[in-house]
Amino acid sequence: MSSEEVYTAVAAGDWAGALHAAHADRSDSAVSVEARRVLVDSLLGALAGEGPQPGDDHLEKALLMQHAGYLDVSGSGLDLIAETLVNRNRTLPERAARYARFRPEAEACRAVLAQFGSRDRVDASTEAGRITDVTGAPRAGLRSVFRSSQERVLFQAARRVFPGCLVVPNAALSSALDFNQIRGMLSREESETFFRALVDLIVFNPSHDFRAELFLELDSPWHDDPHRGQRDNAKERMIALAGGHLVRLRTTGQIGLAAMVALLEEAAG
């Protein structure tokens, strides 16, 4: 990737392409720094009505890139991005509160967090450190980590089959793969997917510094959808490029714990 690609994408209003190119160009040269500055200025200008509007995903990625040190956005610019996300998502309190946490000092963000965010903060200090107890807001939405009963059964079975390992359900792909090691081999679409992708279950081995031993995905007829298949293929490719071991399990209907344990033992070899 080069700074020229940043300029080309910005000129075309291709925010996804511009952000991807800026993320891939790790150079600290004056040319690259200037390209990233133009990207930031153009993005903020678009929010002020001077160009094609960036989507929520683009704005969130810009905030994440700023946090990671890839972009240099001013305080007022961060306020504008975060407040735009909050205002666009006011009908979705949980999402609005998530965006507000990027910039809690901004006026719109502060208002949303006061209404929907965490409250009743209680601090205490010990010799080992400080304790901060944060109580959820009354309207905070909590849900199970499992999205289906079969995911729960898979987790229970994995704990039996891999008793000495850390078993994490619905784990972020980025928690187990090093993006910097494979980014040069990824397409733009795969790079965009990397930080959003989840794996049904990842087994981390404490004997190998808690690196991923096994990636497990539960398949269903829903995975036969072509669009879903593309995302599955991208996930498979990223895991393979990183040297990971992915196993897909497709059960014959709803199965119980004993059958899932047997299936996992067979998969683990």
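All of the numbers you see were taken from the coordinates with simple rules; none came from a lab. In this text the structure is predicted, and so the values were computed from the model without any measurement. Note: ideal-geometry Cβ built from the backbone for every residue, glycine included; neighbour counts use all protein chains shown.
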Task: For LEU249, distant residues with modelled amide H under 5 Å away - done: GLU217, LEU218, ASP219
Task: Share, in percent, of DSSP beta bridges within the chain that are antiparallel, nearest 5 - done: 75
Task: Relative contact order (percent, whole number), the range 158-205, Cα cutoff 8 Å, 6+ residue spacing - done: 59
Open item on the list: If R₀ is 25 angstrom, what is the calculated FRET efficiency for the pair ARG160 and SER207, using the beta carbon separation as r and rounding to 0.05?
Closed with: 0.85
- [ ] Identify the residues of the range 145-187 with backbone N under 14 Å of a label point that sits 7 angstrom from the Cα of ALA267 along the Cα-to-Cβ direction, or state none.
- [x] 150-162, 167-171
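Would you work out the relative contact order for the chain, in percent, from Cα pairs under 8 angstrom that are 6 or more residues apart?
The value is 11 percent.
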- [ ] Given the options ILE182, ILE239, ILE131, state which has the largest fluctuation in a GNM of the chain using a 10 Å cut-off (strictly under) for Cα springs.
- [x] ILE131
Task: Backbone N under 13 Å from the ASP28 label point (7 Å along Cα→Cβ), restricted to the range 68-108 - done: 70
Open item on the list: With θ taken as phi - 60° and the coefficients 6.51, -1.76 and 1.60, list the Karplus ³J(HN,Hα) couplings across the range 29-34 in order, rounded to whole Hz; mark glycine and proline as x.
Closed with: 5, 4, 5, 5, 4, 5
- [ ] Using amide H atoms built 1.01 Å from N in the peptide plane, name the residues 5+ places from LEU198, or on other chains, whose amide H lies under 5 Å from its own.
- [x] LEU173
Task: the range 149-268: relative contact order as a whole-number percent, Cα under 8 Å and 6+ apart - done: 31
- [ ] Mind ranking 246-257, 192-203 by how tightly packed they are, going by the mean number of other C-beta atoms within 10 angstrom, highest first?
- [x] 192-203, 246-257
TODO: Using label points projected 7 Å from each Cα along Cα→Cβ, tell me how many nm separate LEU64 and ARG37, to one decimal.
DONE: 2.7
